[in-house]
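Structure, as structure tokens:
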Amino acid sequence: VVDGKGAAVRLGTAWSERSKLEVDGKLVHGGEAIGTVSTGHGLVVVAYATGGDTPFRVRTLEGGKLHDPLTLARPGKRKDVPFAIAATATPDGFAIFYQEVQTDDPTAAHTYLCLLDGQGEVTQAPKEINVPWALADAIWDGDGYHLALIYAGGGDGGRLTLVHATRDGAPQGHPDWASAPGIVADVHLARVGDRVLAFYRGGAAGDHLI
């Protein structure tokens, strides 16, 4: 992401015997995790998920300083594993979408929405929302959220799909296909004026930026 001062902030993951999650060379988490970054209100929000009883984490980066993590539990007593995560700035702060899949059914996804204020403090603890589809990215579109999803049915590859959700995270209708079948990876949503653009790595061999 690009922060409020025009500087690029990079998130890096390393999968090895010493897995780690870093932001601009600063260690965010030592161990396996999935993560994402979002910028706004003078902050960079680093959201990540690690599994376990308190899987949802968030840290803020302000003026080059990485603040201590907030650790959040999922509602209920589920024992699921991290699958996807997306975050976006909103007019009042930030929205983070944490997604996990069941250990006994990897096709069953559970998505949780957590809200932060402009200082990076939690205003709504993670609550489950009705988004059972594979999450790729999310962005505030002025009246709620645009969610980018990956539909893997049909046996002919994945498809990028899109759906609008309310401020509370409720989808408005069923997701619509937005790409030809093939590889869909590294999806990034960007808002330009009143339009939402989706960039992704795709094509039959996954070697095109679309």
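The values are calculated or read from the model by the stated rules, or taken from the named source; none is laboratory data. Keep in mind that this is a model prediction, so the values were computed, not measured. Here the Cβ is made from the backbone with ideal geometry for all residues, glycine too, and neighbour counts use every protein chain on show. Note: areas computed on protein heavy atoms with side chains; ligands, DNA, RNA excluded. Shrake-Rupley method; radii C 1.70, N 1.55, O 1.52, S 1.80 Å.
Just a few scattered comments:
- Computed over the stretch 73-121, the quotient of the alpha carbon radius of gyration and 2.2 N^0.38 Å is 1.31.
- Candidates per trypsin sites (Lys or Arg not before Pro) in the stretch 1-98, loop by DSSP, up to 16 other Cβ within 10 Å: K5, R10, R18, K77, R78, K79
- Here the scattering of the stretch 50-92 is modelled by Debye summation over its C-alpha atoms, one equal scatterer each and no solvent; at q = 0.14, 0.17, 0.21 Å⁻¹ the log10 of I(q)/I(0) is -0.45, -0.63, -0.85.
- Summing Lys and Arg as +1 and Asp and Glu as -1 over all other residues whose Cβ lies under 12 Å from the Cβ of V187 gives a net charge of 0.
- Rg/Rh (Cα only; Kirkwood hydrodynamic radius) as it applies to the chain: 0.94
- Candidates H174, H110, H41: whichever shows maximal mean-square fluctuation once the chain is modelled as a Gaussian network with Cα springs under 10 Å: H174
- Alpha-carbon Debye profile of the stretch 122-165, log10 I(q)/I(0) at 0.30 Å⁻¹: -1.12
- Of all accessible heavy-atom area on the chain, the percent that carbon and sulfur account for (1.4 Å): 51
- Loop GluC sites (Glu not before Pro), the stretch 3-76 (other Cβ atoms within 10 Å of the site Cβ: 11 or fewer; DSSP): E17
- Label-to-label distance, nm, for residues given as D176 and E128 (7 Å Cα→Cβ offset): 3.0
- Here the spin labels are modelled as points 7 Å beyond Cα on the Cα-Cβ line, and at A190 and V81 they lie 3.4 nm apart.
- Under the simplified labelling scheme, the S16-D207 pair shows an inter-label distance of 2.8 nm, with each label point 7 Å from Cα along Cα→Cβ.
- Entry comment: accessible area of the stretch 101-141 is 44 Å² per residue, from protein heavy atoms only and a probe of 1.4 Å.
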